[in-house]
Structures are given as C-alpha cells and as structure tokens.
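Enquirer: The following block contains the structure, expressed as structure tokens.
The values are calculated or read from the model by the stated rules, or taken from the named source; none is laboratory data. Model, not experiment: these values are computed from the prediction. Heads up, the Cβs are rebuilt from the backbone with ideal geometry, glycines too, and the neighbour counts pull from every protein chain shown. Just the protein is used for accessible areas: all its heavy atoms, side chains included, with ligands, DNA and RNA removed. Shrake-Rupley method; radii C 1.70, N 1.55, O 1.52, S 1.80 Å.
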Amino acid sequence: MTLNQKDFFAGAIFIVLGLAFGAGALGMELGTAFRMGPGYFPLVLSAILIAIGLAIIVQGIGRSGGTIGSVPWRGLAFILAAPVAFGLAIRGFGLVPSVAAVALLAGFASQRMRVVTALALTIGLTLFCILVFNVGLGLPIRLFGPWLSF
Amino acid sequence: MELLANLGLGLETALTPYNILYCFIGVLLGTLIGVLPGIGPTATIAMLLPITFTLSPVSALIMLAGIYYGAQYGGSTTAILINLPGESSSAVTAIDGYKMARQGRAGPALATAAIGSFFAGTVATLLIALFAPPLTEVALRFGPAEYFSLMVLGLISSVALAHGSVLKAIGMIVLGLMLGLVGTDIYTGTPRFTFGRLELADGLNFVAVAVGVFGLAEILRNLENEKDREVTVQRITNLMPTRADLKAIAQPILRGTLLGSLLGILPGGGHILSSFASYTVEKKLSKTPERFGQGAIEGVAGPESANNAGAQTSFIPMLTLGIPANPVMALMIGAMIIQGITPGPNVATDEPALFWGIIASMWIGNLLLVLLNLPLVGLWVRLLTIPYYLLFPAILAFSCIGVYSINSNAFDLYALTVFGLLGYVLVKLDCEPAPLLLGFVLGPMLEEHLRRAMIISRGDATVFLTRPISLTLLVMAAIVLVIVFLPSIAKKREEVFQEE
C-alpha cells in the first residue's frame, strides 16, 4: 500500500488539530441547538475537521507521488528565530537593537550572504527603519529601551 | 441623478491633495510589490495595516486599495518583459505577452495591458457605483439566517476557486473558522482556547496570522531554491500599438472586462480565475486560435482587462455586505475595524464620503497607474536585479515592526512565528493559505449569526431553509459543491490550475 506523503501529513495535521480543539470544546458548556453554549460550534467544527482529515488520508491511499521535497533547514531556523528575538528584545532594548537583530538573523538565513554584506545590510536597514517608523510615522516605540539607558 | 451626486461626493473626497498622495503611494507600492516576486499584496497590506492607524480612515483605505490593484498591474509588466509573473493572476499574460516581447513588440504588449486595465478599471468602478447601493438595500433586510447562508456560500465558492484539492481547501476553511473562535465568547464571556493567556482574550491577532501564513511562509518557500534571477530585457522601442492592433484588442478588452467583473464578485480570488477564463474564451472565439501562445495580442488584452476588472469588483461584497471575497478584502475589513468602522451595509449610509471616496479613488488610481507605469517600465525592471537575500530581511523587519505596533505586545510576535511555521508546513503539503484566512475572519461572524438565528427560531434549524433568500443562497452553495466534486469538472479544474 502506498501512501501519498503530502496527503497523509495534511490529513494528520487536520486530525490532530481537530482532536485538540474538540477536547477543548468538550471542556466548555455545550448548551443546546436552541441556546448554543461556547463549546457547541467549536465541537461541530472539530468533528468536521477530523472527518476531512480522515477523508484526505483515505483519498491519498494508492496515489503515488506527493513527496515533500527539500526543506531549507538553515533558513527555517534563522527566519523563525528573528521574530522571537524581536519579541524578546523590543520592550527592554528598544527598536534599534531589535531591528538590527532581525536583520542580522534574517541575513544569515540565506546561504549566499557574506559577513560584510550582512553587516552593511543590518546597518542600512536599521537606519531606514528609524527614518520611516520613528521619524516619518512617529510610532510610539522607543529607539532604545530601559535596559540600555544608564 | 443620485449616482452622479454620489460620484461627485466621492471625487471630492478622493481629489483632496492628501488623498491623492496616499492613492499615489498605494499604487506605487502596489506596482513595486507586483513587480517583485516573493511578496504579494496580502502580505504587504497585512504589514502596513498597523501603520494606517495613524491615517484618517479614508486615506488608509484608499492607500490599501491602491496597493491591491497596483499589484495586479505591476505583475503584468514583469510577466510581459521577462516571463516572470509577479502575481499569479498575470501568469496568463506571460504566455503571449512574453512571446510578443521576444518578437520586439514589448511596447505594444505593455500598452495593450495598460489600455485594457484602464478601461476595465473604469467600467468596474462604474459597476461598483451602480450596483453597490441596491445591494446595500437588499443587505439591510438580511437577518442572521441570511447572513449565515451567505457566508456559507462565500466559503464554499472560495473552495471552488482555490488551487489543488477540494478537501484540503475545505479543511483549511474549517481550521481557519476554528482559529477565529479563539478568544472570549461574546455570549457568555467564557475564554475559549486561550490557554489562560490574557493576550488571547481578544482572539488571535489577525495581522500576525496573515503576515505569518502569507509573508513568513512565502519567504521560507523562496529560500528552498535560491537562484539568481536572470534579467535580460529587450529594448522597448515603440510603445504605441498599430491601428490593426487597436482593432484586434477592442473586443477582447470588452469581453474580458465583462467576464472579470462578473467573476470578481465571487468569493475566493475571482481575479485569478477571470484571467484564465478570458484567455480560454478569446482562444475559443478566435478565427486563428493557433496564434495563441505565439504572441497573440488578444491573449494579452483579454486576461489583463479581466483580472483588473475582477480585482476591482471584488470590493462589492466587502463594501456592501461587509463580507470579504478574498484575503485582501479580509484585510480591508480589518483596516476598517482598526479605524472603528463596522463593515457592512451601514457603511454606505453612515459614511458616504468614505464609501464613495474609495470608489472614486479606484478610478484615479487606475489613471495614476497608466501614467506611472508606461514611462517607468525600465526602472521597475531594474528593481528585479536586487538579489532576494537583500530583500527578505527587510520584509521580515517590517513584518515584525508592523505586528508589534498593533498592540505593543511581544506575544503577537510569537504568534507570528507559530503561524509562519504552520503556514509553511501547510503550503508544503499543498494546502493553500487563502481559505484559512477567509475562515479566520468569518469564523466569529458565522458563529454569531448561527447562534442568533437559532435563538430567534427557538432552536428550529429549518429556519435556514424556510426563508427564501437564505434557501436560495444555500441551494447555490450546494450546487457549487456538487459541481466541484463532479468527476468531469474536477478533472477540468485540475487542468486549469495546472497551467499556472
């Protein structure tokens, strides 16, 4: 029996998420069709989602192909780290260090980036963001946060 | 004439220097991202959404709308010149447009695209002005049952128009609906799926979800195979189409406009389908179908008009019913909510200047696009030589600042990361993100109208079938669903989307 990889994983994701939401919905008041409680609609949706997930897997049985292909692991790690770094730094360190961190992390997500280019990009992008968001649009985000003012 | 008075009010609003400026910025940005592959209007508008908070509602919406139709326009420029459609809706234009460019007729091809788009944009703007008010009247008589059925129809048709597997598209919608329910239940105040986090009490941040599944996921996809873009452009010598060209394109432009206007109203990316449909129609009607694919000017004129008309008329359901036809319209609704405007049929009566101002600005924007694009073609193409590894760090930085500035909340950035990953994984598995975002926006509305309808009918579910408008809408939804699953249609549908 051959399974279509893409179909199998897509179906599995829907089923898992359906189960998770369904379990959450069961923990809430369901109510009746007349007066639906907070759990009613989510429970219906999760049942549909699980059914669709199963159907997708069944549909994929016997269909060859559907291999997932290459995954840019390096890019994935750096790109996903960037917003997290921004989130951790923004309140304490302010806009300038946070943007610089994002630019630097993102720069290294590409295999083609060289150190000098990355640094130049970081400086250029940071200056640009200061000009646009602080000077131009006047967003209320401090350039340097409390952790950097001595 | 009420129509003229309304359009007059719209022009008055749209023609203030301030609003012209924002319209210009919008179409300029739109053209830019339309030219650049790897970033589309959805991600851009999502990124810029928080910034529009500092603008007046009219200027904000005029600018965002400009980005949207500007992108359709920019996408066709690169499709013609270097066979690289910046947006999926210009994929068809590349077929004959690029052939024309290779034959040294890039100028007429670009001019045809411009003329077609402008004509279509003008007609579609008039159609919106004509049909929006009566539709609004109808919508005002809608009860919860009608709204529920209408949203079901919208969601189902967005499935029909999504790429790839129908089941996966339905799955994405349901997942989106569910994600939309995260937050406090409006009837009982019960927190749902919040994991006790206060940040989730108001629901998941819409911008974080949109930027994640469209922006971040797209960057990740582009990193899969990094390669240099080779940009060799033929010199553009003569821009003007010949008299014979003009004769050849007149009818395709008319037909494309009509087709695009009709399909654009349908939910779920009608403008993409309309350019394919128009190409097929022109090829079928042509006396010399063998010229298609070899640089037939009709193959540029029809689809270009159709996709611009479709992009324009997709505003109709958003403006009249408050229901988005595609993810971009969902973002426009988000922008209205940020500005404190409740989208729906009341917008036309409560905020006539806003309503008509947006409509009038579309025509002005189309005019600006013609003026902007033809002389600046060389500049746009040169932009393509910017390597991607310099581009995406900027996209990422803007995304982070944009997402953060909505609530000044670091939690939203973690949500952005999670949805970026989820979006990428799902796209890898051939699950399109557009239905998910539509579901996400409609989720709370759908539930609210369902619950309200059931309370009014005292728990009698047949209410959706006994009210005539609601029944009609549901029957239409059922027909669409049946059609999509019919084996012969399903096969045809796969072929259409394969061509992209």
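Enquirer: Go through (1) of a type outside the set (Asp, Glu); (2) in contact with a Leu (Cβ under 9 Å, 6 or more places away or on another chain); (3) farther than 11 Å from residue B:304 by Cα and name the single condition residue B:141 misses.
Expert: (2)
Enquirer: I've got another one for you. Answer yes or no: is there a residue in the range B:81-102 that is within 14 Å of chain A (Cβ to nearest Cβ), among the hydrophobic types (A, V, I, L, M, F, W, C) and either open to solvent by 30 Å² or more (accessible area, probe 1.4 Å) or under 19 Å from the mean Cα position of the chain (by Cα) (or both). Even if it seems obvious, please write down each step before you answer.
Expert: Here is the first cut: in the range B:81-102, the residues within 14 Å of chain A (Cβ to nearest Cβ) are none.
No.
Enquirer: Next up: Only one residue in B:441, B:425 is within 17 Å of residue B:165 (Cα to Cα), part of a helix (DSSP H, G or I) and open to solvent by 10 Å² or more (accessible area, probe 1.4 Å), so which one is that?
Expert: Numbers: B:441 fails: within 17 Å of residue B:165 (Cα to Cα).
Checking each option against the conditions leaves just B:425.
Enquirer: Examine the range B:297-314 for a residue that is at pLDDT 85 or above, among the hydrophobic types (A, V, I, L, M, F, W, C) and not in a helix (DSSP H, G or I), and state whether such a residue exists.
Expert: Yes, that holds for at least one residue.
Enquirer: Restricted to the range B:147-164, and to residues that are farther than 23 Å from residue B:261 by Cβ and surrounded by fewer than 24 Cβ atoms within 10 Å (Cβ to Cβ), which residue is farthest from the other protein chains (Cβ to nearest Cβ)? Before the answer, list the steps.
Expert: First, pick out the residues of the range B:147-164 that are farther than 23 Å from residue B:261 by Cβ: B:147-149, B:152, B:164.
Narrowing further to those that are surrounded by fewer than 24 Cβ atoms within 10 Å (Cβ to Cβ): B:152, B:164.
Values: B:152: 12, B:164: 10 Å.
Only one residue tops the list, namely B:152.
Enquirer: For the range A:62-71, indicate whether the set of residues that are within 18 Å of the chain's Cα centre (by Cα) and in contact (Cβ under 8 Å) with a residue 24 or more places away in the chain is non-empty.
Expert: As a first pass, look at the range A:62-71 and keep what is within 18 Å of the chain's Cα centre (by Cα): A:71.
Pick out the ones that are also in contact (Cβ under 8 Å) with a residue 24 or more places away in the chain and you get none.
No, there is no match, as no residue in the range A:62-71 is within 18 Å of the chain's Cα centre (by Cα) and in contact (Cβ under 8 Å) with a residue 24 or more places away in the chain.
Enquirer: Given the criteria touching a residue at least 40 places away in the same chain (Cβ under 8 Å) and away from every other protein chain (no Cβ under 13 Å), does residue B:140 qualify?
Expert: Here the answer is yes, as residue B:140 does meet what is asked.
Enquirer: Applying the selection to the range A:119-142, what residues are over 11 Å from residue B:390 (Cα atoms) and surrounded by 15 or more Cβ atoms within 10 Å (Cβ to Cβ)?
Expert: The initial filter retains those residues of the range A:119-142 that are over 11 Å from residue B:390 (Cα atoms), namely A:119, A:123, A:126-142.
Result: A:126, A:128, A:129, A:130, A:133, A:134, A:137, A:139, A:141, A:142.
Enquirer: Continuing with this model, one more query. Of all residues in the range A:13-29, which are surrounded by 15 or more Cβ atoms within 10 Å (Cβ to Cβ) and either among the aliphatic types (A, V, I, L, M) or touching a residue at least 60 places away in the same chain (Cβ under 8 Å) (or both)?
Expert: Taking the range A:13-29 as the starting set, the residues that turn out to be surrounded by 15 or more Cβ atoms within 10 Å (Cβ to Cβ) are A:13-15, A:17-18, A:21-22, A:24-25, A:28.
Correct list: A:13, A:15, A:17, A:25, A:28.
Enquirer: Condition check: crowded, with 24+ Cβ neighbours inside 10 Å and hydrophobic (A, V, I, L, M, F, W, C). Does residue B:124 satisfy that?
Expert: Considered against the rule, which asks whether it is crowded, with 24+ Cβ neighbours inside 10 Å and hydrophobic (A, V, I, L, M, F, W, C), residue B:124 comes out as yes.
Enquirer: Give the residues of the range B:365-413 that are open to solvent by 10 Å² or more (accessible area, probe 1.4 Å), of a type in the set (S, T, N, Q) and more than 7 Å from every other protein chain (Cβ to nearest Cβ), sorted by residue number.
Expert: Scanning the range B:365-413 gives B:385, B:407, B:408, B:409.
Enquirer: Further question: Take the residues in the range A:1-12 that are facing chain B (nearest Cβ under 7 Å) and open to solvent by 30 Å² or more (accessible area, probe 1.4 Å); name whichever of them is modelled with the highest pLDDT. Explain how you work it out, then say what you get.
Expert: Of the range A:1-12, the ones facing chain B (nearest Cβ under 7 Å) are A:6, A:9-10.
Right, trim to open to solvent by 30 Å² or more (accessible area, probe 1.4 Å) and you get A:6, A:9.
Working: A:6: 87, A:9: 92.
Filtering first and then ranking leaves A:9.
Enquirer: I've got another one for you. Taking the condition of being part of a helix (DSSP H, G or I), in contact (Cβ under 8 Å) with a residue 12 or more places away in the chain and open to solvent by 60 Å² or more (accessible area, probe 1.4 Å), how many residues in the range A:93-118 meet it? Walk me through how you get there before you give the answer.
Expert: Pass one, the range A:93-118, residues part of a helix (DSSP H, G or I): A:93, A:95-107, A:115-118.
Narrowing the set further to residues that are in contact (Cβ under 8 Å) with a residue 12 or more places away in the chain leaves A:93, A:95-107, A:118.
This time we only want the ones that are open to solvent by 60 Å² or more (accessible area, probe 1.4 Å), so: A:93, A:104.
So the answer is 2.
Each row is one residue, and each column tells you yes or no for (1) in a helix (DSSP H, G or I); (2) away from chain A (no Cβ under 11 Å); (3) closer than 30 Å to residue A:113 by Cα.
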position	(1), (2), (3)
B:189	no, no, no
B:195	no, no, no
B:202	no, yes, no
B:208	yes, no, yes
B:213	yes, yes, yes
B:217	yes, no, yes
B:221	yes, no, yes
B:224	no, no, yes
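Enquirer: Please give the number of the condition residue A:89 fails out of (1) under 22 Å from residue B:402 (Cα atoms); (2) at the interface with chain B (Cβ under 8 Å from one of its Cβ atoms).
Expert: (2)
Enquirer: So in the range A:30-57, with the set limited to residues that are surrounded by fewer than 20 Cβ atoms within 10 Å (Cβ to Cβ) and not in a helix (DSSP H, G or I), which one is nearest to the other protein chains (Cβ to nearest Cβ)?
Expert: Here the answer is A:34.
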